[in-house]
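The structure under discussion appears below in the form of structure tokens.
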Amino acid sequence: MPASLRPPPPDPRSIHGALRAGLTALILSVAAGGALAQTAATAPAGAPAPDPAAGPAEAAPKPFPLTDSGRLLATGGVSQVEGAAGGGLVPWAVIAGYGTRDAVGASVHDTGIFLRDYSLNSVGAALGFYDRLELSYDHIFFDTRSTGRLLGLGKGFTFDENILGAKVRLLGDAVYDQDSWLPQLGLGLQYKRTDDTAILKSVGAHTNDGTDFYLAATKLLLEQSLLLNATLRATRANQLGILGFGGPKSNGYKPEFEGSAAFLFSRELALGAEYRTKPSNLSFREENAYDLFLAYFFTKNVALTLAYVDLGAIATRNNENGAYLSLQIGF
């Protein structure tokens, strides 16, 4: 790559540190809010009974009236790598958090994917409004590690991608519509922007930003302890948008399929798999991705996901597979 096109390497430690500090503060506030929301409705043990002679007591105002964490455990999914509620690779039709139709919910996550030649870190937050609308933000750090030197970028060069997401539940209820085969349907979008425009141009990407649109259908079969999801995505993104959008092979939107299936051993433990097709717009091929995951929901406030993930070929490097680890905190 010509030296004129190569930007000065950012300091990923300072950027990463600032975002992690902000995420830590957000995690603490979300966890505190969720704990208070769950205990607000429960009277303390040993509280004195009301005195009938005193007449009717004035109702005390409820703290955190917009939060209730009233949905069933695990029904908000986990945090998808691009920030939406769903599985690890695939967004589902469910809305982030555990807020019911009368309340709001929220979640924050920190996800790491450790591949053979690269590593990816995703940090973000999502808000769910009345089990109807979801808004999310995610930041992806894609570290080229020692491969960056072989690609002419410099050892440890890191791509930064920002993702703004929105999702609306169109109809159906994945959990409570057990007498119907109709799934919950969600319509979403993800606006993505990656820095380092000069580098993206040099690999053939047409632009450094773009928007994905998707329609997800999610169904939880309680009697069979089975969750099924199918998502149709329209996208121009190269490697989730990390390498820009469009390329010499194609610059238009392509329909891509994404699917998830999970078996619930209990209310806390789920074992599943996902598959995601991806377009191949650049001169070097891009392959489909899949994962095998194990998710454990300790409470409605804390969930941990461990997975084996295979992202296929990435920028001339083949067989990019490895471990996936994600911590989610919310209410």
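Where a number appears in this text, it was derived from the coordinates with a stated rule and is not lab data. Everything numeric here is computed off the predicted structure, so don't read it as measured data. Here the Cβ is made from the backbone with ideal geometry for all residues, glycine too, and neighbour counts use every protein chain on show.
Considering every Cα-Cα pair within segment 178-331, what fraction, in whole percent, is farther apart than 18 Å? It works out to 65 percent of all Cα pairs. Judged by the mean number of other Cβ atoms found within 10 Å, the most tightly packed of the peptides 220-232, 183-195 leads the ranking 183-195, 220-232. Take the Cα of L222, go 7 Å toward its beta carbon, and the backbone nitrogen atoms of segment 151-179 under 14 Å from that spot belong to 173-179. Pairs of alpha carbons in segment 146-259 separated by more than 23 Å make up 45% of all such pairs. In terms of surrounding Cβ atoms within a 10 Å radius of their Cβ, F331, F213 rank from fewest to most as F213, F331.
Note on segment 264-331: the alpha carbon radius of gyration divided by the globular reference 2.2 N^0.38 Å gives 1.38. Counting only aspartates and glutamates at least 8 places from K219 when in the same chain, those with an alpha carbon closer than 16 Å to its own are D131, D173, D177, D179, E258, E274.
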